[in-house]
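Engineer: First the structure, which I've put down as structure tokens, then a few questions once you've had a look.
The values are calculated or read from the model by the stated rules, or taken from the named source; none is laboratory data. Since the model is a prediction, treat every value here as computed from it, not as a measurement. Ideal geometry is used to build each Cβ from the backbone, glycine not excepted, and the neighbour counts take in all protein chains shown. Ligands, DNA and RNA are stripped out before the accessible areas are found, and what is left, the full protein with its side chains, is counted by its heavy atoms. Shrake-Rupley method; radii C 1.70, N 1.55, O 1.52, S 1.80 Å.
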Amino acid sequence: NSYGTVYGNEVFFITPNFSDGQPCSNAATLTDRDGNTYNTVQIGAQCWMKDNLKTTKYADGTSISHGNDTSSTIAYWYYPNGNPSNKSDYGLLYNWKAAMRNSSSSYNNPSGTQGICPTGWHLPSCSEWDQLTDYVSSQSQYACGGNNTYIAKAMADSVGWNSYAGSCAIGDTSSFNNATGFSARPAGAYYISSYSSYGNCGSFWSATGEDFVTPRQALLCSFIYNQRNVHSASGTVIYASSGISVRCVKD
């Protein structure tokens with residue numbers, strides 16, 4: 001002012017990210033080629049689908065076959081636990097061939113792999129999954145019991161999980177889950193020609209494959225009802241012939 005400039009003490013503070021858990025500001029919903037509409041959620045700098053993918057077609061209208069066996073070379077989708085009524089709440093399961101279409105494995109962030117995702121969205125690489133879990137771990141409000149590795153409850157939906165009496169586990173008082181709004185659900189898997197882990201586990205493909213492994217495997221992000229931690233995409237693999245869930249992230 002007219003008397004000059006005066007400096008006080010420097011004070012550092014962090015403002016909370018009020019966009020976390022909210023619909024993405026530039027894409028509150030998205031629609032696939034089958035006409036299914038999905039909610040979205042902003043978590044940190046990323047915009048994610050809040051629901052599991054349930055399309056039977058690629059974005060250009062090409063159909064994907066309903067599988068009755070596992071395959072690493074033919075694109076298949078499956079009903080969670082083999083039950084068509086589960087599609088509405090849990091989406092569909094896909095083998096890696098279906099999820100990737102004809103794309104090559106990618107560690108990039110963003111992956112650059114549209115795969116099965118609607119136009120404007122892509123299949124996340126393991127690096128993008130790690131970005132998500134690293135961000136959630138960095139936010140103290142999402143850490144169960146003050147442990148920043150115990151973030152599974154904050155990312156798992158509050159419904160669908162089998163119960164488990166263990167502090168900070170997903171299945172322990174699941175009504176307290178989902179602080180981030182990511183809403184992971186336990187759709188289980190189609191593995192070695194049979195269904196497993198429905199109600200116990202929710203796993204999601206990445207666009208990152210382990211090309212040197214025979215039979216071929218791919219990396220995934222996984223949530224388990226009796227676990228406190230999220231099983232990181234950078235360290236968890238499953239056979240590419242298996243059927244698991246898909247979440248897409250915005251380009």
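Engineer: Quick one: would you say residue 53 is assigned to a strand (DSSP E or B), among the aliphatic types (A, V, I, L, M) and touching a residue at least 40 places away in the same chain (Cβ under 8 Å)?
Structural biologist: Against the criterion (assigned to a strand (DSSP E or B), among the aliphatic types (A, V, I, L, M) and touching a residue at least 40 places away in the same chain (Cβ under 8 Å)), residue 53 does not qualify.
Engineer: Okay, moving on. On the given criteria, is residue 30 on the phi < 0 side of the Ramachandran plot, open to solvent by less than 50 Å² (accessible area, probe 1.4 Å) and in a loop (DSSP other than H, G, I, E, B)?
Structural biologist: Criteria not met by residue 30.
Engineer: Scanning the range 161-184 for residues that are in contact (Cβ under 8 Å) with a residue 60 or more places away in the chain and surrounded by 22 or more Cβ atoms within 10 Å (Cβ to Cβ), which turns out nearest to residue 69 (Cα to Cα)?
Structural biologist: Top of the filtered list is 161.
Engineer: Taking the options 195, 191, name whichever one is in contact with a helix residue (DSSP H, G or I) (Cβ under 8 Å, 6 or more places away or on another chain) and either of a type in the set (Ser, Thr, Tyr) or open to solvent by 60 Å² or more (accessible area, probe 1.4 Å) (or both).
Structural biologist: 195
Engineer: Sticking with this one: Report, by residue number, each residue of the range 71-90 that is in contact with a strand residue (DSSP E or B) (Cβ under 8 Å, 6 or more places away or on another chain) and either of a type outside the set (Phe, Trp, Tyr) or not in a loop (DSSP other than H, G, I, E, B) (or both).
Structural biologist: Scanning the range 71-90 gives 72, 74, 75, 76, 77, 78, 80, 81, 82, 90.
Engineer: State which residue is farthest from residue 114 (Cα to Cα) when the search covers only the range 190-225 and only residues that are more than 14 Å from the chain's Cα centre (by Cα) and among the hydrophobic types (A, V, I, L, M, F, W, C).
Structural biologist: It comes out as 192.
Engineer: Are any residues in the range 87-102 over 18 Å from residue 238 (Cβ atoms) and in contact (Cβ under 8 Å) with a residue 40 or more places away in the chain, and if so, which ones?
Structural biologist: Selection gives 89, 101.
Engineer: What residue, among those in the range 61-81 that are more than 16 Å from residue 118 (Cβ to Cβ), out of contact with any Pro (no Cβ under 9 Å at 6 or more places or on another chain) and of a type in the set (Ser, Thr, Tyr), is least open to solvent (accessible area, probe 1.4 Å)?
Structural biologist: Top of the filtered list is 78.
Engineer: Looking only at the range 91-144, which residues are of a type outside the set (S, T, N, Q), in a loop (DSSP other than H, G, I, E, B) and open to solvent by 40 Å² or more (accessible area, probe 1.4 Å)?
Structural biologist: 101, 107, 110, 112
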